[in-house]
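K.L.:
Structure provided below as structure tokens; questions to follow.
Computed from the coordinates by the stated procedures, all read-outs in this text should not be read as laboratory data. The structure presented is a predicted model; accordingly, all values stated were derived computationally and were not measured. Because the Cβ atoms are built from the backbone with ideal geometry, glycine has one as well, and the counts that use them run over all protein chains shown.
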Amino acid sequence: MRALIIGATGFIGSYLYGTLKKKYEVIGTSTYDEDFKNLDMSKFDRTCKIIKDVDPDVICLPAGITNLDYIEKHPVESRKVNVLGTKNIADYCKSRNCRLIFFSSDAVFNGKKGPYSENEKPNPVSVYGRQKLEAEDIVKKLDDFVIIRTSSVYGWDKKRLNFVSRLISSLKSNKEFKAPIDQYYTPTYVWDLANAALRLASKEFNGVYNIAGPDFMNRYEIALNVCEIFKLKKELVIPVKSPQLGQTAKRPKYGGLINKKAVKELGIQLRSLKEGFNDMKRHEK
């Protein structure tokens, strides 16, 4: 089977690329890395031509604009990628009977009573969440699809785009780091997410799956666990409430996802935060 990963040089995409290569022929795209096919998913004709040349059996779509505050300030520009770009990919999949695995987020919920199951009704509070939900609705019109919702993905990341990578980098530089006590998630180890996607690439699965860790905790609690495992200074972590961070986009207070369906149907285990951090520490170099 041939798999195409759109956004193979991104944080999640790079782990997907390495994981799916264990089992499938994998081709990746990027908007900037010359070692991968250049693809801007907001450009329909160019996107379709590249995908037709690859002729994949399954497309994994982790790509997109994910900076919540940037999206809140640039809704039109970001929608071209996050929504219209997804529609371009979905339209191709519909025309060629190609399987699509789309990556979404717990941001599709309002965060008043998380963590959430797959069956609960979305009600996003940010532009990012609304874009993800609109993209989900497009993908759901396909016959052969999987939507992976995830929450607070962490792991080693050269660009330090995820919370844990930024935190570790800051604390190792002896800098203070503000961590909100009123934003709860179910932190998800990126390797577990990639391995779940490998399982979901099989045509026996269809629909929405929550791929998220088993722990439900706030950012400050996550940061204290980082300090414990990586032997970093806890006094550098400053507990704050969300308004003190000056974030443009509203964050769900109680986000996160319930993973029972995925664990049962996929036969997988999703590591606890401490298990994930210990694995990160083993592979730090």
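K.L.:
I want the antiparallel fraction of DSSP beta bridges within the range 135-285, as a percent rounded to 5.
P.N.:
Working: 2 of 13 bridges.
Around 15 percent of the beta bridges assigned by DSSP in the range 135-285 are antiparallel ones.
K.L.:
Name every cysteine in the chain that ends up alone, with no second cysteine's Cβ under 4.7 Å, or say none.
P.N.:
CYS48, CYS60, CYS227
K.L.:
Related question: Return one number: the angle in degrees, 0 to 90 and rounded to the nearest 10, between the long axis of the Cα atoms of helix 163-172 and the longest principal axis of the Cα atoms of the chain.
P.N.:
So the helix axis and the longest Cα principal axis differ by about 40 degrees.
K.L.:
For the chain, take the longest principal axis of its alpha carbons; what is the angle in degrees between that and the long axis of helix 86-96, to the nearest 10 within 0 to 90?
P.N.:
Tilt of helix 86-96: around 40 degrees.
K.L.:
Could you please report the charge total around ARG160, scoring K, R as +1 and D, E as -1 over all other residues with beta-carbon less than 12 angstrom from its beta-carbon?
P.N.:
+3
K.L.:
Out of the range 45-152, which GluC sites (Glu not before Pro) are coil in DSSP terms and have no more than 14 other C-beta atoms within 10 Å?
P.N.:
Passing sites in the range 45-152 are GLU120.
K.L.:
Could you pull out the trypsin sites (Lys or Arg not before Pro) across the range 107-209 that fall in loop regions by DSSP (anything but H, G, I, E, B) with no more than 14 other Cβ atoms inside 10 Å?
P.N.:
LYS112, LYS113, LYS140, LYS141, LYS158, LYS159, LYS175, LYS203
K.L.:
Give me the percent of DSSP beta bridges within the range 2-282 that run antiparallel, rounded to the nearest 5. Before the final figure, lay out the partial values.
P.N.:
Details: 2 of 34 bridges.
DSSP beta bridges in the range 2-282 are roughly 5 percent antiparallel.
K.L.:
With +1 on the Cβ of every Lys and Arg and -1 on the Cβ of every Asp and Glu, and nothing else charged, how large is the dipole of the range 1-59 about its Cα centre, in debye rounded to the nearest 20?
P.N.:
160
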